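Before any comments, here is the structure.
The values are calculated or read from the model by the stated rules, or taken from the named source; none is laboratory data. As the structure is a prediction and not an experimental result, all values here were calculated from the model. Reconstructed Cβ throughout: ideal geometry from the backbone, glycine too, with neighbour counts over all protein chains shown.
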Amino acid sequence: MTEGPAFYARTGSPGSDLVAILHPPYTVWHLSYVVIGASLAPAVSLSLLAWTVLVFFLAVGIAAHSLDEVNGRPLGTSLSDTALWGIAVVALGTAAVIVALGSLSVSPWIWAWALVGLFFAVGYPLEWPSWLHTDVGFAIAWGSYPVLVGFWVQTESLSLGAVIAAVFAALLSLAQRSLSTPARYVRRETTTASAQFDTGGWDRAQLLATWERPLRWLGWAVVALAIGLLVTRL
């Protein structure tokens with residue numbers, strides 16, 4: 001099926017609009033980077049990991065995606081700007097409460113990481129500043145940063161291995177963007193599309209499949225890697 005603003009999104013009702021702005025496959029994908037980072041620590045605290053994942057879900061999965069919909073309506077939902085801003089503010093406020101509690105029980109340096117995360121969660125979707133809303137900005141904000149935070153919360157330090165894993169996440173995020181950008185264009189900006197070759201042609205559905213099928217497999221692959229690494233630490 002090729003209808004819809006994304007292969008995982010069907011809009012048109014309040015329920016489907018709310019699910020769409022969560023971008024479920026991509027949210028799970030990038031939450032997996034948090035798990036990967038934490039799993040590189042010598043010992044893993046599941047409670048700290050759970051709170052870290054929850055903060056990222058609130059800030060990225062809900063707030064950043066809600067603000068992204070405010071900026072240009074890429075999904076074409078019927079949710080009002082007021083509702084989207086309200087969702088984002090509540091999500092960020094809840095995340096801030098968790099961070100405050102974490103600063104008391106773990107380290108006050110959590111606030112430094114949180115401020116960087118706030119910059120990404122608000123600045124990237126609203127394009128404040130514009131240079132952040134680029135492929136490289138995406139790779140750092142949604143790839144490297146979650147890995148580093150996941151590791152730091154467990155250890156209150158960084159390691160060469162964590163930095164290399166953050167580079168891996170950034171490179172994979174760049175690959176993600178190279179696939180998702182043309183797919184979004186064809187889905188959202190065209191009604192007909194095709195590619196012609198010497199031996200035949202592809203229609204719109206086949207074109208989308210060349211980008212979206214790898215995205216689906218890569219998303220599941222990152223989740224599987226995160227689970228596998230975590231299991232080895234338990």
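Things to note:
- Once region 189-231 is narrowed to residues that are of a type in the set (Lys, Arg) and under 30 Å from Val147 (Cβ atoms), the residue that is farthest from the chain's Cα centre (by Cα) is Arg213.
- Residue under evaluation Tyr8, criteria (1) touching a His at 6+ places or on another chain (Cβ under 8 Å); (2) at pLDDT 95 or above, criterion not met: (2)
- Of the residues making up region 7-18, those that are at negative phi and touching a Ser or Thr at 6+ places or on another chain (Cβ under 9 Å) are Ala9, Arg10, Thr11, Ser13, Pro14, Ser16, Asp17, Leu18.
- Annotation note: of Ser130, Ser80, the sole residue that is at pLDDT below 95, loosely packed, with under 14 Cβ neighbours inside 10 Å and of a type outside the set (D, E, K, R) is Ser130.
- Some residue of region 189-201 being of a type outside the set (Phe, Trp, Tyr), in a helix (DSSP H, G or I) and touching a residue at least 40 places away in the same chain (Cβ under 8 Å): no
- For region 11-37, filtered to residues that are polar (S, T, N, Q) and farther than 20 Å from Phe119 by Cβ, the residue that is surrounded by the fewest Cβ atoms within 10 Å (Cβ to Cβ) is Ser13.
- Residue within region 91-106 that is within 30 Å of Tyr185 (Cα to Cα), at pLDDT 95 or above and within 18 Å of the chain's Cα centre (by Cα) present: yes
- Of all residues in region 202-219, those that are part of a helix (DSSP H, G or I), among the charged types (D, E, K, R) and without any contact (Cβ under 8 Å) to a residue 24 or more places away in the chain total 1.
- Filtered residues of region 206-234 (kept if exposed (fewer than 11 other Cβ atoms within 10 Å of the Cβ) and among the hydrophobic types (A, V, I, L, M, F, W, C)): Trp217, Val231, Leu234
- Only listed residue being surrounded by fewer than 19 Cβ atoms within 10 Å (Cβ to Cβ) and not acidic (Asp, Glu), chosen from Leu67, Leu40, Leu48: Leu48
- Residue match in region 144-167 (condition: surrounded by fewer than 17 Cβ atoms within 10 Å (Cβ to Cβ), on the phi > 0 side of the Ramachandran plot and among the charged types (D, E, K, R)): yes
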